Every structure is written in structure tokens, then in C-alpha cells.
Amino acid sequence: MWLNKFVRGEVLLDWRDFLVDRQLIRRASLVDRHREMRLDVDNMSYEELLALGERIGHVSTGLSEEKIMSGLKQWKYLHIPLEEPATVVEPCCICQEDYADGEDMGRVECGHYFHTACIKQWLVIKNTCPICKKAALGT
Ligand SMILES: [Zn+2]
Ligand SMILES: [Zn+2]
């Protein structure tokens with residue numbers, strides 16, 4: 001009797017659990033693979049990220065243009081040397097160009113700033129600061 005019950009009941013249940021587990025495991029490994037993809041994204045160059053963004057559309061790690069424009073602190077660049085020697089301003093870390101007077105600037109929440117056009121393209125792909133990797137804008 002107990003064998004019947006064992007075969008019809010518990011073993012089947014175990015088998016079903018086993019199948020469920022396998023599905024879970026497969027799903028978990030998919031998630032892991034996805035995570036690895038994201039890690040790769042962190043190590044990609046700006047050009048690679050842009051190409052990736054164009055290929056797979058707007059990834060969930062990025063921001064919509066609306067959010068970028070409302071969250072970004074913007075101003076026009078004007079280099080006024082207040083002290084001598086004038087503080088050396090780092091070039092835009094995204095395009096590696098120096099800032100010129102009158103160019104549109106955008107600052108993210110950590111305080112780092114870039115050309116507005118540059119950081120906009122970046123944030124569409126990824127909501128992190130290209131310099132310090134902190135969340136660029138609150139969502
Ligand atoms: Zn730039
Ligand atoms: Zn930063």
C-alpha cells in the first residue's frame with residue numbers, strides 16, 4: 001500500500017517539483033546571462049554603447065529624453081578665469097573635446113558635467129555618470 005501511494009503520489013510530486021526546479025534554474029541562468037551582458041555594457045566604450053543602443057533600441061537602463069531634459073541642469077559654457085592660474089577645466093569625458101564659450105552644458109546629480117548633447121546621448125543608453133558611475137538622474 002505505501003508503495004502505491006509512494007509511486008502515485010509523492011514521487012510524481014517530487015518529479016513535478018523537479019521539473020519546476022529545472023525551469024527555475026534555467027530561468028535563473030538566463031537572468032545571470034543577462035546580468036553578464038549588463039556588466040559587459042559597463043566595460044564598453046562610448047561608441048560601442050551607442051552602436052548597441054541603436055541596435056537594441058532604448059534599453060531599460062537608460063532614460064527617456066523627457067526625463068533627461070527635466071533632470072539635467074543646463075547652462076551655457078562661459079570660461080571666466082577668476083584666479084591665476086586659471087583652474088584647468090577637464091575636457092568633456094564623452095567626446096574628449098574642450099568646452100568652448102556658448103556651448104550647451106549639462107550637469108548630472110553627482111556634479112559632473114558634459115556637453116548637453118553628449119550626456120543626453122549617453123543617458124538615453126544608461127542612467128549613470130560616465131565618470132563616477134553613480135546614478136546620473138533620479139528617476
Ligand atoms: Zn562632449
Ligand atoms: Zn559623476
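Counting the residues of the stretch 84-133 that are within 11 Å of ligand 2 (Cβ to nearest atom) and more than 16 Å from residue 67 (Cβ to Cβ) gives 10.
Sort through 100, 117 and tell me the only one that's assigned to a loop (DSSP other than H, G, I, E, B) and either within 12 Å of ligand 1 (Cβ to nearest atom) or among the β-branched types (Val, Ile, Thr) (or both).
That would be 100, the only listed residue that is assigned to a loop (DSSP other than H, G, I, E, B) and either within 12 Å of ligand 1 (Cβ to nearest atom) or among the β-branched types (Val, Ile, Thr) (or both).
Figure legend. Inter-residue proximity from the stretch 119-139: first residues under 18 Å from residue 48 (Cβ atoms), second residues among the hydroxyl-bearing types (Ser, Thr, Tyr) and away from ligand 2 (no atom under 11 Å from the Cβ), beta-carbon distance below 6 Å, spacing 6+ or different chains. Indicated pairs: 126/61.
Cβ separations smaller than 6 Å between residues 6+ apart or across chains give the following pairs from the stretch 68-81 residues that are within 17 Å of residue 137 (Cα to Cα) to residues that are small (Gly, Ala, Ser) and surrounded by 11 or more Cβ atoms within 10 Å (Cβ to Cβ): 72/106; 74/106.
Laboratory data are not the source of any read-out in this text; all were calculated from the coordinates shown. Source: prediction; values computed, not measured. Counting neighbours? That spans all protein chains shown, and the Cβs are built from the backbone with ideal geometry, glycine included.
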